[in-house]
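First the structure, in the form of structure tokens, and then the observations on it.
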Amino acid sequence: MESFEELNINRQLLNAIADLGFEKPTPIQEEAFPVAMSGKNIVGIAQTGTGKTLAYMLPILQQLNYSKDYKPRVIILVPTRELVVQVVEHIEHFTKYMSTRVLGVYGGVNIKTQMGQLTEGQDIVVGTPGRLYDLAANRSLLLQEVKKLVIDEVDVMLDLGFRFQLNNIFELLPEKRQNIMFSATMTEDVEILINENFIAPEYIAIALSGTPLDNISQSCYAVANFYTKVNLLSHLLKDKETYAKVLIFIDSKKNADRLFEAMEQEFWSDLLIIHSNKSQNNRLAAIERFNDNNARILIATDVIARGLDLDNISHVINFDTPKFAENYMHRIGRTGRAEKVGHSILFYTEDEAKYKDAIEKLMEYTIPHTPWPQEVKISKQLTLDEQPRVIEKNPHKKRKYESGASFHEKKDKNKKTTNVGGGQKIKLKKAKKYKSPITRGSKPQGKK
Ligand code: AMP
């Protein structure tokens, strides 16, 4: 897209953007706009620096009519005071030619001043979850008119322990609203939050800028199942020289433990594991041993590996294929640092092939296959998750039976939305056809 004019936004916004010197929308701005305008829930995976603030503000401001009501219609939650100040500043720039009332609220300053500012009437309130909840709880902030909720930097927010406050705020908000969420990474916690609170969100992911893909040689293996992956991994790791320092990513604590158990006997002196159920001391000791080259294999979940300072990793092995393409970028970014060539190996099963497709689409790169080493055995052993589900028919237990079925339906539906590529296409077509809001969030909420 060559200019903001192509988005058909109003003149006031166009002028404000021109004053800021922005020439054309960034990729996240271009992608998020039609989805946000359609009223759907959105999960955006993007880091600071991608232009995500304007990405969510542009559609919000385009749809925010003038109002005298003192109750806010837009709530923006961010994790820190500094971000509140920054976002408010940005919004003030974007609304230079509009009469939009914006207020930032955060803890550590007198709550009475903020209570007073709220009674003056606001259109948009930006806040940290703790203070915003306090203001809502004492009824100086009334949330009945909120149509749009933005949660920015969700991963950081959950890391800071704001889950409780977020849930409290969700309780007070009208059910019929649009949720827009941004996170730099997709972690287990973020996924849980989405599944519990967001119905059928549209995913938008933007590749990390500056990811040193050129420094990383990538390859992949198509593997039948979990225990065949274990066999392949053991086979590779026997070569101590090549696999000098290996970080193995796996999706869950449960699978991390299962993998550790399967590998323990053969690699015990070289094998380490970290995940959030391990004690802090345990984790620190493992990282120290790994960094000091006293053990060369570290199994980690995505959540725990974030922010860890691990150097000179020769190989990142993706024991599973991340459901969220962006997580793959984060994973492989742990190798190939500081101009060194790194290696990434991806294991994927038939079920995971769709996630691999999404990753390749995001990278605009097809990961080359490595031929199957003939000496590696295909295992027939299946994990509980891999075994086909047998549903026993029992006419006397009809109710229980039904609830089980719908649970699986929901799971499948959620899975589908993770396919960034396909969903995106459908949505873009719809927006073009109807030109105006299609669902406004009411339909999915009603289904609850
Ligand atoms: P953000 O990711 O929202 O923190 O934005 C990062 C920086 O990019 C901010 O300084 C914005 O002012 C700037 N920015 C946002 N959108 C654009 C754009 N379309 N063109 C140029 N710069 C932009």
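Spin-label model, T80 to N138: label points 7 Å out along the Cα-to-beta-carbon direction sit 2.6 nm apart.
Panel order for W372, W268, by other beta carbons found within 10 Å of each beta carbon, from fewest to most: W268, W372. Just how many % of Cα pairs in region 4-206 lie over 20 Å apart, if you round to the nearest whole percent? Beyond 20 Å sits 54 percent of the P(r) for region 4-206. By the equivalent-ellipsoid construction on the alpha carbon gyration tensor, region 312-373 comes out with semi-axes of 19, 14, 10 Å, ordered largest to smallest.
Please grab the % of Cα pairs in region 35-128 that end up more than 23 Å from each other. Cα-Cα pairs of region 35-128 separated by over 23 Å account for 24 percent. The three principal axes of the C-alpha atoms in region 154-304 carry coordinate ranges of 58, 35, 32 Å, sorted with the longest axis first.
Cβ crowding within 10 Å ranks F164, F347 as F164, F347, fewest other Cβ atoms first. Among H93, H275, H369, sorting on how many other beta-carbon atoms sit within 10 Å of each Cβ, with the fewest leading, yields H369, H93, H275. The calculated pair-distance distribution of region 216-363 uses every alpha carbon pair, bins of 10 angstrom beginning at 0, and gives 11, 46, 36, 6 percent.
Values quoted throughout were computed directly from the atomic coordinates according to the rules given, and no laboratory measurement underlies them. If you're wondering where the values come from, they're calculated on a predicted model, not measured in any experiment. Please note: Cβ atoms are built from the backbone with ideal geometry, for glycine as well, and neighbour counts cover all protein chains shown.
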